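The values are calculated or read from the model by the stated rules, or taken from the named source; none is laboratory data. Just so it is clear, the structure is predicted and the values come from calculations on it, not from any experiment. Here the Cβ positions follow ideal geometry from the backbone for every residue, glycine too, while neighbour counts run over all protein chains shown. Remember, those area values only see protein heavy atoms, side chains included, never the ligands or the DNA or RNA. Shrake-Rupley method; radii C 1.70, N 1.55, O 1.52, S 1.80 Å.
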Amino acid sequence: MNKTRTLVALGLVILSAGLLFLGSGCQKNKYYYNTGLVFGTYYNIRYEAPQDYEAAIQAELARMDSSLSRFNPASIISRINRNDDVLTDSLFEIMFNTAKHVTELSEGGFDITCGPLVNMWGFGTDSLTYRPTQHEIDSVLQFIGLQYVDLDTSMHRIMKMDTRIQLDASAIAKGYACDIIAALLAEQGCENYLVDIGGEVVAKGVNDKGDKWRIGINKPIDDPTGQINEVEEVITSDNICIASSGNYRRFYYDGNERRSHTVDPRTGYTVNHNLLAVSVVASTGILADALATAGMVIGEEKALEMIENIPDAACLLIVAEGDGTRVITSSRWTYTE
């Protein structure tokens, strides 16, 4: 049974539920703290280890960048988008197969070929100069859909039915990077760590004070500057993969109509429903990341239905209601009191 609670909204509530790391400290034989920028966002990584693994962490992040970053012209995904003759690697193949799985789970709500539509609405590499017409949207929808792309893992090649198809891993890469760094730390014998990349988190064990890790889910406050961070819920866990998505930081007004950065790949239009933010816990960071994005596209009822049908997954939804919001959790959500 879903748990529903009415909350008071602060200002206009329309953005994404980012994850905010709540203090942990660093020490105890010894705790290291590495921070920096990757994929156009930040990373904060804390772990207990006999030495600093920052160089190894940066090497793994660089490996992911060379495979999945569309901002790196030499990356595998960028070369695929240019229709170059390029071999895929294991990072790309895991990303692609996970994306295809979530596309099926969400009945097309999640789709890594959606980039041209996002760009058309002014949230990609181009600036919006006018509202796209139905004809223009229809012309782009002709080559949107992961069903038009195949991966041959034996030959390590991508095959596209239309050369205009573009792949974009940005809705899945941060959670995946959390998995990769967590695996690196585990291989080095680390039992206590928290990996936070752009608000997606994989954590295990305890912090330097011996307490479980505490992770905050932001209130969906209407603040495009990203300067206001108020916590909606606090999660306490010693073993978790969690990601969030929402619409309260990236939007613009089209006349009196608000346009969010979440675009439904099935219709070509920006979503228009009362779901403000989604946080998903899953077995891996990559799966949690993709499911959170999918939930924002398909809306409250379908998102709950999708998560309930996935073993080991749970979600927390923040939904607009009148002048406030309410929090809804799936039946397996046990991370907050």
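Some notes on this structure:
- Residues in segment 172-186 carry Karplus couplings, in order, of 9, 5, 5, x, 5, 4, 4, 4, 5, 6, 4, 5, 4, 5, 5 Hz; the curve used is 6.51 cos²θ - 1.76 cosθ + 1.60 with θ = phi - 60°, and Gly or Pro positions show x.
- Sequence ranges 197-210, 313-326, 47-60, ranked by mean other-Cβ count within 10 angstrom, highest first: 197-210, 313-326, 47-60
- Accessible-area order (highest first, 1.4 angstrom probe) of the listed residues TRP121, TRP333: TRP333, TRP121
- Here the gap between ALA74 and TYR42, fully extended at 0.36 nm per residue and compared with their Cα-Cα distance, gives a gain of 9.3 nm.
- For the Cα trace of segment 74-215, dividing Rg by the Kirkwood Rh returns an Rg/Rh value of 1.06.
- Here the Karplus relation 6.51 cos²θ - 1.76 cosθ + 1.60, evaluated at θ = phi - 60°, turns the backbone of segment 203-213 into coupling constants of 9, 8, x, 9, 7, 5, 8, x, 9, 4, 5 Hz, with x for every Gly and Pro.
- For ALA290, net neighbour charge (Lys/Arg +1, Asp/Glu -1) across residues whose Cβ lies under 13 Å away: -4
- Neighbourhood net charge (10 Å Cβ-Cβ; Lys/Arg +1, Asp/Glu -1) for ILE240: +1
- Listed peptides 234-247, 176-189 by packing density, highest first (mean Cβ within 10 Å): 234-247, 176-189
- Per-peptide average of other Cβ atoms within 10 Å, ordering 30-37, 144-151 highest first: 144-151, 30-37
- Other residues lying with their Cβ under 13 Å from the Cβ of GLY189 contribute a combined charge of -2, Lys and Arg counting +1, Asp and Glu -1.
- Coupling constants for segment 154-162 follow from the phi torsions by the Karplus curve (6.51 cos²θ - 1.76 cosθ + 1.60, θ = phi - 60°), and in residue order they are 6, 9, 6, 9, 9, 10, 10, 6, 9 Hz; glycine and proline get x.
- Under 5 Å between amide hydrogens, built in the peptide plane, is the criterion, and for VAL206 it picks out TYR193 among residues at least 5 positions away or on other chains.
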